[in-house]
Amino acid sequence: MARISSTDKPLIIVGAGVFGLGLAYELAANRGYTNVTVLDRFVPPVPDGSSVDVSRVIRAEYADSFYGSLAVDAMKEWRSNPDWSSHFYDSGFVMLSSSRDHPYISQCRSQPVEVFESHGAEEKVKSLYPGVQAQFNGMTAVHNTLGGWADARAAVQGLAERCSLAGVSFLTGNAGTVTSLITEGSRVTGVETGAGSKLYADCVVLATGAWTNRLVPDFNLSLLATGQPVGFIQLTPEEAKRLSAMPVMINFDTGVFCFPPTPGSNMLKLARHGFGFATRVTTVDDRVISSPKLQENNAASHYLPEDAEESLRDGVRLYFPEFADRPWARLRMCWYTDTPKGDFVVDYHPKVEGLFLATGGSGHAFKFSPVLGKHIADCFENKASQSLRNKWAARLPDLSLTEYLQGDGSRAGPPMRVVTQQEQARL
């Protein structure tokens, strides 16, 4: 599919997460595009996007060598580029498993990591990180000092500011809430917004994450929106100081991971990288999809289904037994855009002209933020290698819903569950 006809033609990017902002910045700042507009429901950092709130894991451990190499490139930027390094915390990263031969962890051992076998893992981790409370004797630990976490909200806000300085325009609120695509035959020519306005462009990019299936019917089965539970516990300054010397940790038996206390707010965060929760939403054209709400802030309800909340509480008992009964300060559902194998979808639509997709983050895209935009732009301009284009190709649905349970091998916990109507009403 041909790229945009000219760099001065209007280009609309729907979505102000790391996919949309990364592409917008690369095109406007480095490739001469002069008419780029980003639309979103909220001013970035978008409060219910998958690339915001306080922290995201930055790691290089991947079973897939392509993403491992990409993560190494991104890690260099997180550590040395002032645009990104000011938001990065080099805390270290530890993977845990009750199985010595967990398939995903075993493949990650090709990275420069330390492996602590079950008989002494807890003592060795605690000797390196005196803030660790976790009681995980009997588990194998894989440790990498070159990892940690980033302040996602601040990083996205910085990227949005750089976009603005590069000449990118923004529309938000109802004027930036895209409700449908405008088409002429088999070509997309623009978007219609919640304000009733129609905006036209030479090309439309959908970087719409978990909301993508509302706009593109053909992607009902190759993109699936799932919610993942996140919880926060408020600590005192003294408690936070005591726990500060600890790494990011993930338990590959359950999928629950945790961060060191956030500097300043002293907030403790846990989340689960699992198979998630799906909703059932009827679109304006009578399709039933899984999607977060369009018109509201999906992070505002502070509600999780009981089993989701309990999975996080089990994580607190493992990682922070001192706070096993501490009430939650806040709960939220983080929305992923899942693909069958965790590969991103960065490609022109195979049937619709004038429509480019940059989505499918599958819960692991944020760490690539420093380098993601240039690779998306290469795909957009048809300059990417054939191997990259194959990796991120947009494929029409040919899979059943159950095949989403395969993923890339990094997830754990119970199978994906569709929430009840009563639960969905409270999300």
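The values are calculated or read from the model by the stated rules, or taken from the named source; none is laboratory data. These numbers were taken from a predicted model, which means no experiment stands behind them. So basically every Cβ, Gly included, is an ideal-geometry build from the backbone, and we count neighbours across all protein chains shown. Heavy atoms of the whole protein, side chains included, go into the accessibility calculation; ligands, DNA and RNA do not. Shrake-Rupley method; radii C 1.70, N 1.55, O 1.52, S 1.80 Å.
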TODO: Could you check how much of the accessible area of segment 11-426 is carbon and sulfur, as a whole percent, using a 1.4 Å probe?
DONE: 50 percent
Open item on the list: Per residue, how much accessible surface does segment 169-210 expose to a 1.4 Å probe? Answer in Å², no decimals.
Closed with: 40 Å²
TODO: Give me the angle, in degrees from 0 to 90, between the Cα long axis of helix 306-319 and the longest principal axis of the Cα atoms of the chain, rounded to the nearest 10.
DONE: 50 degrees
- [ ] Take the Cα coordinates of segment 10-54, assign each an equal point scatterer, and use the Debye formula without solvent to give log10 I(q)/I(0) at q = 0.23 Å⁻¹.
- [x] -0.75
Task: Cα radius of gyration and Dmax for segment 193-350 (Å) - done: 18.8, 57
Open item on the list: Please report the antiparallel percentage of the DSSP beta bridges confined to segment 11-426, to the nearest 5.
Closed with: 70 percent
Open item on the list: What is the angle, in °, between the Cα long axis of helix 369-380 and the longest principal axis of the Cα atoms in the chain? Nearest 10 is fine, range 0 to 90.
Closed with: 30 degrees
Task: Probe 1.4 Å, protein heavy atoms only - accessible area per residue of segment 292-339 in square angstrom - done: 42 Å²
Open item on the list: Can you compute the modelled spin-label distance between residue 386 and residue 183, with each label point 7 Å from Cα toward Cβ, in nm?
Closed with: 3.1 nm
Task: Kirkwood hydrodynamic radius over Cα pairs of segment 78-177, then Stokes diffusion coefficient at 4 °C and 1.567 mPa s, in µm²/s - done: 79 µm²/s
Task: For the chain, average projected area of the Cα convex hull in nm² - done: 19.1 nm²
Task: P(r), alpha carbons of segment 154-202 - 5 Å bins starting at zero, rounded % - done: 5, 19, 19, 17, 18, 15, 5, 2, 0
Open item on the list: Regarding segment 1-139, what's the average projected area of the Cα-atom convex hull, expressed in nm²?
Closed with: 11.8 nm²
- [ ] Between residue 417 and residue 301, with labels modelled 7 Å along Cα→Cβ, what's the label distance in nm to one decimal, could you check?
- [x] 1.5 nm
Open item on the list: Against the 2.2 N^0.38 Å scaling, with N counting residues, where does segment 290-427 land? I'd like the Cα-based Rg ratio to two decimal places.
Closed with: 1.29
